[in-house]
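As structure tokens, the structure follows; a few thoughts come after it.
The values are calculated or read from the model by the stated rules, or taken from the named source; none is laboratory data. As the structure is a prediction and not an experimental result, all values here were calculated from the model. Note that we place each Cβ from the backbone using ideal geometry, even for glycine, and neighbour counts take in every protein chain shown.
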Amino acid sequence: MESSVYLKKLVEEFHSATVATIGADGHPQTRIIDMMLWDDKGVYFLTARGKEFYRQVMEQQFIAVSATKGKAAVSLRGKVKNIGSEKLDEIFQKNAYMQKIYPEDTRAALEVFWVYEAEGEYFDISDPAHVVRDSIVIGALEARQTGYFVGSGCTGCGLCYSACPQKCIDLSDKSTVIDQSHCLHCGQCAEICPEQIIKKRS
Ligand code: SF4
Ligand code: SF4
């Protein structure tokens, strides 16, 4: 599916996300940040200049984001740019609760950040027997393939299929193929394959 479908979901359905940066002590830090806007160029959030989070994002220009609702989740890791007050009024218009948190001119304390180049994934276990996984890309990045794949030398023994919790391995053709959109990345297939030809992409 198009990445924009998941960005819309992140902003309009999940909205509040856990955002990670690196603290001054060198360890990860998280906090909840609302994802305010999305478009085909990325996702936008804001924070006040006085916050430690602001300082960290300005310095690191990179964040990790995770949000969940029900049994679905979106995760992103990527580059962030400060765009000042650009889109600030649009954010306040679309997220009316912000007008009560920062009434009238006090919104001047806030600056907008744009996640402009990122990769991530959508993961949905609403139907536990048929999980859904999809990749998300923002900006100039190419979608990277992740997870397990079957190399050459398959004997068709079927042990991987038997061990697979999601039964997402297709043995019906000459080449055995893992359906990435339903794979848990659990590694059971790789452990059991007698030929040791199921490998994990780095
Ligand atoms: S990694 Fe797990 S879910 Fe994915 S194909 Fe292998 S056994 Fe199935
Ligand atoms: S377990 Fe290995 S050899 Fe057997 S069908 Fe699966 S990939 Fe092929």
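Take Asp173 and tell me if it is among the acidic types (Asp, Glu), more than 10 Å from ligand 2 (Cβ to nearest atom) and assigned to a loop (DSSP other than H, G, I, E, B). Against the criterion (among the acidic types (Asp, Glu), more than 10 Å from ligand 2 (Cβ to nearest atom) and assigned to a loop (DSSP other than H, G, I, E, B)), Asp173 qualifies. Here Cys186 fulfils each of the conditions (1) modelled with pLDDT under 95; (2) touching a Pro at 6+ places or on another chain (Cβ under 7 Å) apart from (1).
Taken over region 1-38, the criterion of being small (Gly, Ala, Ser) and not in a helix (DSSP H, G or I) is satisfied by Ser16, Ala17, Ala20, Gly23, Ala24, Gly26.
Scan region 146-192 for residues that are farther than 27 Å from Met1 by Cα, within 11 Å of ligand 1 (Cβ to nearest atom) and in contact (Cβ under 8 Å) with a residue 40 or more places away in the chain and the total you get is 1.
Glu142 satisfies every condition listed in (1) more than 29 Å from Val43 (Cβ to Cβ); (2) out of contact with any Ser or Thr (no Cβ under 9 Å at 6 or more places or on another chain) except (1). Of all the numbered requirements in (1) within 10 Å of ligand 2 (Cβ to nearest atom); (2) more than 27 Å from Pro128 (Cβ to Cβ), Ser202 misses one, and that requirement is (1).
Would you mind stating whether Cys160 is modelled with pLDDT of 95 or more, within 9 Å of ligand 2 (Cβ to nearest atom), crowded, with 16+ Cβ neighbours inside 10 Å and not assigned by TED's automatic domain parsing to the domain that holds Gly120? Yes: the conditions hold for Cys160. Within 16 Å of ligand 2 (Cβ to nearest atom) and either under 22 Å from the mean Cα position of the chain (by Cα) or not assigned by TED's automatic domain parsing to the domain that holds Cys193 (or both) - does that describe any residue in region 125-148? Yes, region 125-148 contains at least one residue that is within 16 Å of ligand 2 (Cβ to nearest atom) and either under 22 Å from the mean Cα position of the chain (by Cα) or not assigned by TED's automatic domain parsing to the domain that holds Cys193 (or both).
With the structure loaded, tell me whether Glu13 is without any contact (Cβ under 8 Å) to a residue 24 or more places away in the chain and of a type in the set (Asp, Glu) or whether it fails that test. No; evaluated as a whole, the condition is false for this residue.
Of the set (1) without any contact (Cβ under 8 Å) to a residue 24 or more places away in the chain; (2) within 18 Å of Glu111 (Cβ to Cβ), all apply to Gly26 but (2). Here the condition is being within 14 Å of the chain's Cα centre (by Cα), among the acidic types (Asp, Glu) and away from ligand 2 (no atom under 16 Å from the Cβ); of Glu104, Glu121, it holds for Glu121 alone.
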